[in-house]
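Novice: Please find one structure pasted underneath; my questions will follow.
Read the figures in this text as sums done on the coordinates, not as results from a lab. Since the structure is predicted, the reported quantities are computational estimates derived from the model, not experimental observations. Using ideal geometry, Cβ is built from the backbone for each residue, glycine included, and neighbour counts are taken over all protein chains shown.
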Amino acid sequence: MTLARWREFRVHVGMPLLAPGRLAEEPILKYLGAFQWQAVADVAGQPEHAVLNEAGERLHLSMISLELGVGAGRAWDEFDEGAVLGFRQRTGIYGHKLAEGLYLFDQEAIPDEEIQGIGTREDLMYGRRPWAYLTHGFTTWAPATWAQLETPRAFLDRPVPELPAMPAGIAEHQAVERTGVIEGFADWAQAVALPCAAPVQAFEYAVTPETDLDAAGLVYGARLPAIMTGAERRLLRERLHLPLSEPLVTCLALQHRRIYHFANASRETSLHLRVEARFHPAAAAAPAPVRTLGRLYFRTDVLRGSDGVLMASSLVEKVLRVPGQSKPLLTEWARWLARMPAR
């Protein structure tokens, strides 16, 4: 078996990678996907645009699952303009048709000795650095689904870094599509449902071709978390019995996301989103420059507007991190908690 090697990428943090006060999720997801494609093309010994199937058709990487975490005791607001992110990445191949990518990144170089013991997603999850876990399948262009997987022709003629077992994200993908249950968030079941008229809220999203479609004319997988975040914002601002203010909602920051993709969308004009929200208030803490006031969880399904086919499902944990000197926001949250039903 050929072992995968750890690759290294570096990205300068400029304005395109930043949201107000923190590193932005969407551009990081785009970089992760690009790094995965570069790694796969390297395995094939070809540039990305030249990876073909056995019939000579161009192949694409279609995302199956993605997971992103900030790391134990870390926060995205550590990263600011001018920082340099160092990525370490390793890609393995399963069955010649599936790719798994493990990622660590930080604003300091990650030494070789630290990554040598990393072999699974769980090794990433319980570390101290920001991390990501991606799975992809090789497909030709197909707007309906990624299920018709292909083998890159180059993989038949050269050794590839073969995985000994099916990647966790692939096996989970099948279970989530069948049951709708996303595991991996121990606090989700104990979290309190946010007070809405109905536990699951529905939203419509108008697809914007200039920003939402990829080079193949499909809804870009890296755009879906941002589209989901827009629905989350609307839920908190419009659908709660006691809505939160825009400045307070802006303080939400990603802690952990897990998302599974089931179908693509081509020529769609709208998407349907179904969102369920829960929260955990934070324990009392001493004043600090940035205070974590609670954790919110959002379970979201995205469906094609044209036929209602399920495109993706996500569960995300976000932390409410508020500047310690922002008395209006601290007071708003305290009043909001006081009016919540007793647990």
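Novice: Between helix 168-179 and the chain, what is the angle of the helix's C-alpha long axis to the longest principal axis, kept within 0 to 90° and rounded to the nearest 10?
Specialist: 60
Novice: Let me ask something else about it. Answer with one residue from V11, Y205, T139: the one whose Cα lies farthest towards the positive end of the charge dipole of the chain, charges on Cβ with Lys, Arg +1 and Asp, Glu -1.
Specialist: Y205
Novice: Would you mind checking which residues have amide H under 5 Å from L194's amide H? H placed 1.01 Å from N; only 5 or more apart, or other chain.
Specialist: Sorted by chain and number, the residues that satisfy this are A277, R278, F279.
Novice: Please give every one of the lysines within straight-line cross-link reach of K30, meaning a C-alpha to C-alpha distance under 22 Å, and leave out same-chain neighbours fewer than 8 residues apart.
Specialist: Once the sequence-local lysines are set aside, what remains near K30 is K97, K318.
Novice: Taking the Cα centre of each part, how many Å lie between region 72-95 and region 194-222?
Specialist: 25
Novice: Tell me which of H272, A283, H241 sits at the most positive position along the dipole axis of region 204-300, charges placed on C-beta atoms (Lys, Arg +1; Asp, Glu -1).
Specialist: A283
Novice: What Rg and what Dmax come out for the chain when only alpha-carbon atoms are used, in angstroms?
Specialist: 20.5, 65
Novice: Continuing with this model, one more query. Nearest 500 deg cm²/dmol is fine: what mean residue ellipticity at 222 nm does the chain get from its DSSP H runs of n ≥ 4 alone, each adding -39,500 (n - 2.57), divided by its residue count? Walk me through the numbers on the way to the answer.
Specialist: Details: 8 runs with 72 residues, N = 343.
Roughly -6000 deg cm²/dmol at 222 nm, from the helical runs in the chain.
Novice: About the Cα centre of the chain, what is the dipole size in debye to 20, counting +1 per Lys and Arg Cβ and -1 per Asp and Glu Cβ, all else neutral? List each step's numbers first, then the result.
Specialist: Values: 36 positive and 40 negative charges, 223 e Å.
Roughly 1080 debye for the chain.
Novice: Take peptides 215-228, 323-336, 178-191, 126-139 and line them up by average Cβ neighbours within 10 Å, highest first, as a rough protection proxy. Write out the running numbers ahead of the final one.
Specialist: Working: 215-228: 19.3, 323-336: 14.2, 178-191: 12.0, 126-139: 21.9.
Answer by packing, highest mean first, reads 126-139, 215-228, 323-336, 178-191.
Novice: Measuring from centroid to centroid over Cα atoms, what is the spacing of region 253-272 and region 276-343 in Å?
Specialist: Each part's Cα centre sits 20 Å from the other's.
Novice: Quote the charge dipole size of region 183-269 about the Cα centre in Debye, to the nearest 20; the model charges only the Cβ of Lys and Arg (+1) and of Asp and Glu (-1).
Specialist: 120
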